[in-house]
Amino acid sequence: MSTTSSELYSDQLAEARALFEEHYGPLEGRRALAAHAPGRSEIAGNHTDHEGGHVIAGALDVGIAGIASPNNTNLIRMVDRDFPAFEISLDDLSAREDEHVSTAGLARGMAAQLAQTGRVSAGFDLATTSTIPAGGGLSSSAAVEALLGRVMEALWPGEAVDATALAQMSQRTENTWFGKPCGLMDQLAICLGGLAFMDFEDPAFPQTAKLDFDFDAAGYSLCLVDVGCDHAPFTADYALMPVEMQQVAEQFGKKRLCEVDEKAFDERVGELRRTLGDRAVLRAIHYWYENGLVDQRWDALNAADIDAFVRLTRNSGASSGMFLQNVSAGGAFQPAMIALGLAEHVLTGRGAARIHGGGFGGSIQCFVPLELVDEFRERMNAWLGEGACRGYRIEERGAWAQWL
């Protein structure tokens, strides 16, 4: 059954409390918050979000937990179990290039975003621990942003911040203060919680819907497999995907593929191939095909038709490999492709396996029949390293903070 209770994170919060007291002194007698933000998995919609398309995403039963307390200064002081402690001054919340790709940048950015709601910022201490696997593509930076946002929302009096607004604040922080371009899907999934359908045609007002669905109860385990390599070696390849899709859109005087009439595209395929090359055309084909598959998979989940969902997921994986081409960049080193090949070697047509998230590295996603899970996990771990494969469940609750 789907997880819902914060009690599930009591051990993790106890660890965060111990870390807090080790660095900032006893909590007894201080006002304190517990906070949590889940990781996320892209269930459907591979590289459709940045083109204004549709996505299904799920919050997962791993995440970042924290304990926070006001410190009566103008400093945010933060420590994590796996990273050195740092502090930032609230006197200057402008983005700094030397804080790109750092938690300090995330803290400063989220403080700037919450301050823009009319809140008066004030210093606090925060200790966090994470169960999100490093480098696995489960959006740990977005989880940190959401957790910080909920902590600041609670500590600094003001109007409530809804999930979509918090996700947009987190996206702006990631883009500007963290220095990493991204869509809205990761942040929105983490802030919403549960299994959610998202339509990004209007990025200022994304449309969402949620569904209570338990993959295990339907006979499949949602497994993610760490391929043993993050996206860093493939940054240039990754960056080209939205560029080439949007180059197609530009040929029609548009910015994103959601604005292009597919029939108009069909009529100009030859011209587009000559102007942009075959790969850009293939990636546009993937967008429309995958976008349709998202809608079909959402319908299948709502109808509790897991067989249709799994079949359509296999089609999605094929489209990513053949048309989007974000599984392999060619050459001898193909970490995602070998992981998919090994997964299919075990599944032999049962369940489904597909690239997960950005592609090339990170993780693959598999829907594994329950009777096959133990063998699948054992064999994937033997090939790719102990702990590479694990099963996840959907976490119904999005990012939260509450007073202790």
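Coordinate-derived values only; no laboratory data. These numbers come from a predicted model, not from an experiment. Because the Cβ atoms are built from the backbone with ideal geometry, glycine has one as well, and the counts that use them run over all protein chains shown.
Here the stretch 220-392 is treated with +1 on each Lys and Arg Cβ and -1 on each Asp and Glu Cβ, and its dipole about the Cα centre works out to around 280 debye.
Each principal axis of the Cα atoms in the stretch 117-161 has its own extent, and those three values, largest first, are 36, 21, 11 angstrom. Translational diffusion of the stretch 220-392 was estimated from the Stokes-Einstein equation, with Rh taken as the Kirkwood radius over Cα pairs; at 37 °C and 0.692 mPa s the coefficient is 191 µm²/s. Put simply, the amide H of Lys180, placed in the peptide plane, has neighbours under 5 Å in Asn175, leaving out anything fewer than 5 places away on its chain. For the options Val55, Val225, Val281, a Gaussian network treatment of the chain with springs between C-alpha atoms closer than 10 Å singles out Val281 as fluctuating the most. For the stretch 1-141, taking Cα atoms only, Rg and Dmax work out to 16.7, 50 Å respectively. Projecting the Cα atoms of Gln296, Ala399, Ala329 onto the charge dipole of the stretch 295-404 (Cβ charges, centred on the Cα centre) puts Ala329 farthest toward the positive pole.
Phi-derived couplings, Karplus 6.51 cos²θ - 1.76 cosθ + 1.60 at θ = phi - 60°, listed residue by residue for the stretch 358-370: x, x, 6, x, x, 8, 10, 10, 9, 9, 10, x, 4 Hz, with x used for Gly and Pro. Fewest-first ordering of Trp403, Trp156 by other beta carbons within 10 Å of each residue's beta carbon gives Trp403, Trp156.
Per DSSP helix of 4 or more residues, -39500 (n - 2.57); summed, then divided by the residues of the chain. What does that give at 222 nm, rounded to the nearest 500?
Estimated from H runs of four or more residues: -12000 deg cm²/dmol.
Pick from Val327, Val248, Val269: which is most flexible by mean-square fluctuation in a GNM of the chain where alpha carbon atoms under 10 Å apart are linked? The residue that fluctuates most here is Val269. Which lysines does Lys180 reach when only Cα atoms under 23 Å apart count, and residues fewer than 8 places away in its own chain are ignored? Straight-distance partners of Lys180: Lys255. When Ser363, Ser102, Ser130 are arranged by Cβ crowding within 10 Å, least crowded first, meaning fewest neighbours, the order is Ser102, Ser130, Ser363.
Taking the centroid of alpha carbons for each part, the stretch 245-261 and the stretch 219-238 are 28 Å apart.
Spatially, the stretch 270-286 and the stretch 15-44 are offset by 48 Å when compared through their Cα centroids. So I have (i) 1.03; (ii) 0.95; (iii) 0.98, and one of them is Rg/Rh (Cα atoms, Kirkwood Rh) calculated from this model. Which one is it? Looking at Rg/Rh (Cα atoms, Kirkwood Rh) for this model, the match is (iii).
Between the C-alpha center of the stretch 162-192 and that of the stretch 372-404 there is a gap of 23 Å. The alpha carbons of the stretch 65-177 occupy a box of 36, 29, 27 Å along the principal axes, longest dimension given first. Counting every other Cβ atom within 10 Å of each residue's Cβ, Phe200, Phe252, Phe323 order from fewest to most as Phe252, Phe323, Phe200.
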